[in-house]
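To start, the structure under review is shown below, and the notes come after it.
The values are calculated or read from the model by the stated rules, or taken from the named source; none is laboratory data. Owing to the predicted nature of the structure, the values given are computational and were not obtained by experimental measurement. Virtual Cβ from ideal backbone geometry, glycine too; neighbours counted across all protein chains shown.
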Amino acid sequence: MSLLKIEDINKSYGDFWAVNHVSFDLQEGEMLALIGPNGAGKSTTFNMIGGQTQPNNGSILFKNRSLLGLSADKIWALGIGRTFQIAEIFSSLTVLENVQLALQIALRNKIALFNHGDTDLQDEALLLLKQVDMVENAHTAASEIAYGDVKRLELAMALANHPTLLLMDEPTAGMSPTERIAMMALTKKIAQEKNMAVLFTEHSMDVVFKFADRIIVMAAGSIVATGTPEEIRNNALVKEIYLGN
Ligand code: ADP
Ligand code: MG
């Protein structure tokens, strides 16, 4: 059974089709990259999965359950985590407080599955910070940390509800090539440890080829190619429309 199964979703804004007949599956633990030029419909696809927007038609099944009509909060509570292109953190709080807040929200939704009964919120938050190598920054104000650290903090916060699928829309936007590799290596390591699937967008083809198990290429709202990094690298149509050669 696929973890996520998307069948023939469409999204229009007026008479413009931002996403057109898109279908794909995502397996448990898989790292799937969704790539394509600006305006291809990647973020719109993420937003339909995350419940930020609804498709005109089609179906989206997560663990065989339809996500259509559910609120973003409900979808999050089902175990679909999300990071955004513009990080959503509270800059007036410390790094640790940000993670504690994410855990509190998870708890309120009664979905935090803490491993040990008497672990308190702070220990759990520190555990999450450890996973993203940020324990030293725990008591720093979130407004004071470097850009790459903000993205890692956002990842720790997204892990608070123990997602089995993580949606990452341009997680490395604005990063240097070295930071991009480090961010995705960290994401992949965590994903493997937790058997968490990751659907991500990324503009650097080096990063995509290095970390994706499988790649879906979109252009002008439609999927134009699907394959392994090797297949996509050698796809003539992809070279023409996306890689520009
Ligand atoms: P990508 O993330 O691949 O760059 P998007 O999904 O953001 O692409 O956008 C796909 C197309 O849909 C673009 O042409 C964009 O301008 C359009 N679009 C996205 N959101 C809206 C909206 N809320 N209203 C109108 N057009 C939109
Ligand atoms: Mg986008």
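Some values worked out for this structure:
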item: Pair list, Cβ < 6 Å and 6+ apart or interchain, from region 194-208 residues that are at positive phi to residues that are away from ligand 1 (no atom under 16 Å from the Cβ); result: N195/G29
item: Members of region 166-182 found to be in a loop (DSSP other than H, G, I, E, B) and away from ligand 1 (no atom under 16 Å from the Cβ), listed by number; result: M175, S176
item: Condition check for G51: buried (at least 20 other Cβ atoms within 10 Å of the Cβ) and either within 10 Å of ligand 1 (Cβ to nearest atom) or under 13 Å from the mean Cα position of the chain (by Cα) (or both); result: no
item: Positions within region 132-145 being within 21 Å of the chain's Cα centre (by Cα) and surrounded by fewer than 18 Cβ atoms within 10 Å (Cβ to Cβ), in sequence order; result: D133
item: Residue match in region 213-233 (condition: surrounded by fewer than 16 Cβ atoms within 10 Å (Cβ to Cβ) and hydroxyl-bearing (S, T, Y)); result: yes
item: Answer residue from region 183-216, given it is in a helix (DSSP H, G or I) and charged (D, E, K, R) and is farthest from the chain's Cα centre (by Cα) among those; result: D206
item: Matching strands (runs of 3 or more DSSP E) fully within region 1-114 where at least 2 residues are without any contact (Cβ under 8 Å) to a residue 40 or more places away in the chain and either assigned by TED's automatic domain parsing to the domain that holds K189 or closer than 23 Å to G174 by Cβ (or both); result: 16-26
item: Selected residue [within 16 Å of ligand 2 (Cβ to nearest atom) and either modelled with pLDDT under 95 or aromatic (F, W, Y) (or both)] from E240, E202, E179; result: E202
item: Selection within region 163-209 - acidic (D, E) and crowded, with 21+ Cβ neighbours inside 10 Å; result: D169, E202
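This table checks each residue for (1) loosely packed, with under 14 Cβ neighbours inside 10 Å; (2) away from ligand 2 (no atom under 13 Å from the Cβ).
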{"position": "G14", "(1), (2)": "yes, yes"}
{"position": "D25", "(1), (2)": "no, yes"}
{"position": "M31", "(1), (2)": "no, yes"}
{"position": "I35", "(1), (2)": "no, no"}
{"position": "K42", "(1), (2)": "no, no"}
{"position": "N47", "(1), (2)": "no, no"}
